[in-house]
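Input: one structure, supplied below.
Since every read-out is calculated from the coordinates, none of them should be taken as a lab result. From a predicted model like this one, the values you see are computed outputs, not experimental measurements. Glycine gets a Cβ as well: all are built from the backbone with ideal geometry, and neighbour counts include every protein chain shown.
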Amino acid sequence: MCVCAERDVARVVEGALTAAGVIVDRRDAIPADLAGAALLVVDRATRVAAGDSLRGAAAPVVVVGDDLDDDGLITLMLEAPVSHLVGDPHGADLGITSEKLVSGDLFGLEKYLAPGSKVGERVVANDSEKRVVIGEVCAWAEAIGARTPIVHRLASVVDELLMNALHDAPRESTPMIAPERDAPDNRAVLRWACDDDNIAISVGDAFGSLRQRDVIGHVRRARDERGRPELDEHGAGLGLYLVLANVASLIVNVDPGRRTEVVCLFDRSAGDRRAIESGVRSLHVFT
């Protein structure tokens, strides 16, 4: 269901959803009954006008063209009816998000890159291996022509995500272990790839302990503090804070108690200081 007050945005949204194989039901206002809707896509104007009514939405809510500096959006995302912000409805992000929500196929950084993109992968078990693989990823980024600021941001993000996966996720998890499964593996899986437009990296763990409220809480901290935060009780917040400040898009895929995958996208054309300071523009938590 598409409810966009801005006609130009509505046309773009309908085109992206149709291309993703979704039947689009366009409305002028959010109906009281959303039964049967696989997802609800609204623009900023609709989100503001809807106010508290979005909190009762049963379908996943995708907001397009909005801004994480808005307290109203942050509140809705903290309370979980809104799980997806697509900063630019003209990009590929909206179609990819729609396909994932409709199909339920959530995991894999390949979804955000051109078909056939070559993916590197390493399993990381400790801090020593982490240092080695960060060097490998940075060397790869330089070899594909990534600008120096992006290489530095890439190194910082990989370091923080691996730290969280190796140390914080095992400590904070309550794994849902099936009878046939062994205990979760404490190792992290790092993957990386690129196409002409984006560099993508992901870090996965076998715990599924990251919650939407945690992610959005650190978005708010990153926005409000505009600088390095104080380390929280467990330390995971610092990692998320620094990640959010350095990526164009953040995608969190969670199978609760079983698996987490954090995917980060870097814009290969954005090497100037303004792009670096803009921080995350699209944010998704898929559960």
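Note the angle between two axes, namely the Cα long axis of helix 148-163 and the longest principal axis of the Cα atoms of the chain, as a number of degrees from 0 to 90, rounded to the nearest 10.
So the inclination is approximately 80 degrees.
For the chain, what does the relative contact order come out to in percent, with C-alpha contacts under 8 Å and a separation of six or more?
18 percent
Okay, next question. Using the charge dipole of the range 27-122 (Lys, Arg: +1 at Cβ; Asp, Glu: -1 at Cβ; taken about the Cα centre), state which of Phe107, Ala45, Val62 has its Cα farthest towards the positive end.
In the range 27-122, that residue is Phe107.
In the chain, what percentage of the DSSP-assigned beta bridges are antiparallel, given to the nearest 5?
Percent antiparallel among DSSP bridges in the chain is about 65.
Taking all pairs of different Cα atoms in the range 60-149, averaging 1/r and flipping that mean, what Kirkwood radius in angstroms comes out?
16.4 Å
May I ask you to work out the translational diffusion coefficient for the chain at 20 °C, viscosity 1.002 mPa s, via Stokes-Einstein with Rh from the Kirkwood sum over Cα pairs, reported in whole µm²/s?
Calculated translational D: 110 µm²/s.
Angle between the Cα long axis of helix 7-19 and the longest principal axis of the chain, 0 to 90 degrees, nearest 10?
60 degrees
Using a 7 Å offset from Cα along Cα-Cβ at Ile144, what residues in the range 185-217 end up with backbone N under 20 Å from the label point?
Within reach of a label on Ile144: 189-204.
With the Cα gyration tensor of the range 5-140 in hand, give its eigenvalues times 5 under a square root as the equivalent ellipsoid semi-axes, listed largest first in whole angstrom.
Over the Cα atoms of the range 5-140, the ellipsoid semi-axes are 33, 18, 14 Å.
Compute the helix-to-body angle for 127-143: its Cα long axis versus the longest principal axis of the chain, expressed 0 to 90° and rounded to tens.
The angle comes out near 70 degrees.
To continue, here is another question. Ratio of Rg to Rh for the range 28-97, alpha carbon only, Kirkwood?
Dividing the radius of gyration by the Kirkwood radius yields 0.93.
Check cross-link reach from Lys130 to the lysines: straight Cα distance under 26 Å, and skip same-chain residues fewer than eight apart.
Cross-link targets: Lys111, Lys118.
Could you tell me the ratio Rg/Rh of the range 103-163? Both radii from Cα atoms, Rh via Kirkwood.
Values: Rg = 13.2 Å, Rh = 13.1 Å.
Ratio of gyration radius to Kirkwood radius: 1.00.
Another question about this same structure. Can you work out the PRE-style zone for Val24? Point 7 Å along Cα to Cβ, and I want the residues of the range 80-111 with backbone N under 20 Å.
84-103
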